[in-house]
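Notes to accompany the following structure.
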Amino acid sequence: MKVIIHCSDSTFGNAALIDYWHRNRPKPFRMIGYHLVILNGWIDSKHYHNRFNGHVETGRPFDDNKQIDTSEWGAHTKGQNSRSIGICLIGESAQFSRRQLSALACELAELKKQFGKIEISQHSDHDPNKPFCAGLTEEQMTELRNFIS
Ligand SMILES: [Zn+2]
């Protein structure tokens, strides 16, 4: 299974807010397009809650078998939605907290348990129009790949 990492390109937010954004796009999604959202603690532009820094929320739900059924397909990466899990880190490109990156590593380990084998990439690896999504460095990507190997 492919796992594709995104950023929200916002300084704050959570799954509920992204759900609202995605339902209200010019071409609306039926619900949030990402499967998982990893918060940075900023729930809105004024309120930071440390306990939400690194907190993982469910976006588009998927069950715990090895398939992504049609009803579970995300809407996050052109051409990849039928065979990938989309994870969104709240934050602008490359602007993530340590706690978010730790939570991401833990989630990837869980996904590996579920799907057996996972391949990690970023949105920018699939879409030349999204060069800054999510903005993790090669070093950070290598660290994540090593963590789950
Ligand atoms: Zn993206």
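Throughout, read-outs are computed from the coordinates displayed, never taken from laboratory work. These numbers were taken from a predicted model, which means no experiment stands behind them. Don't worry about glycine lacking a Cβ; one is built from the backbone with ideal geometry, like all the others, and counts go over all protein chains shown.
A compact table of results
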{"read-out": "Spatial separation of Cα centroids for the stretch 103-149 and the stretch 9-61, in angstrom", "value": "19"}
{"read-out": "The stretch 1-46: trypsin sites (Lys or Arg not before Pro) in DSSP loop, at most 13 other beta carbons within 10 Å", "value": "ARG30, LYS46"}
{"read-out": "Coil-residue trypsin sites (Lys or Arg not before Pro) of the stretch 73-149, DSSP, other Cβ within 10 Å capped at 13", "value": "LYS78, LYS117"}
{"read-out": "Counting DSSP beta bridges with both ends in the chain, the antiparallel % (nearest 5)", "value": "30"}
{"read-out": "Restraint check, LYS2/LYS78; LYS27/LYS66; LYS78/LYS112; LYS27/LYS130; LYS27/LYS78, Cα-Cα greater than 25 Å", "value": "LYS27/LYS66"}
{"read-out": "Expected 222 nm ellipticity per residue - DSSP helices of 4 or more, -39500 (n - 2.57), all of the chain, to 500", "value": "-8000 deg cm²/dmol"}
{"read-out": "Fully extended contour minus Cα-Cα distance, from GLU138 to TYR48, at 0.36 nm per residue", "value": "29.5 nm"}
{"read-out": "Lys, Arg +1 and Asp, Glu -1 on Cβ, resulting dipole of the chain about Cα centre, debye, nearest 20", "value": "220"}
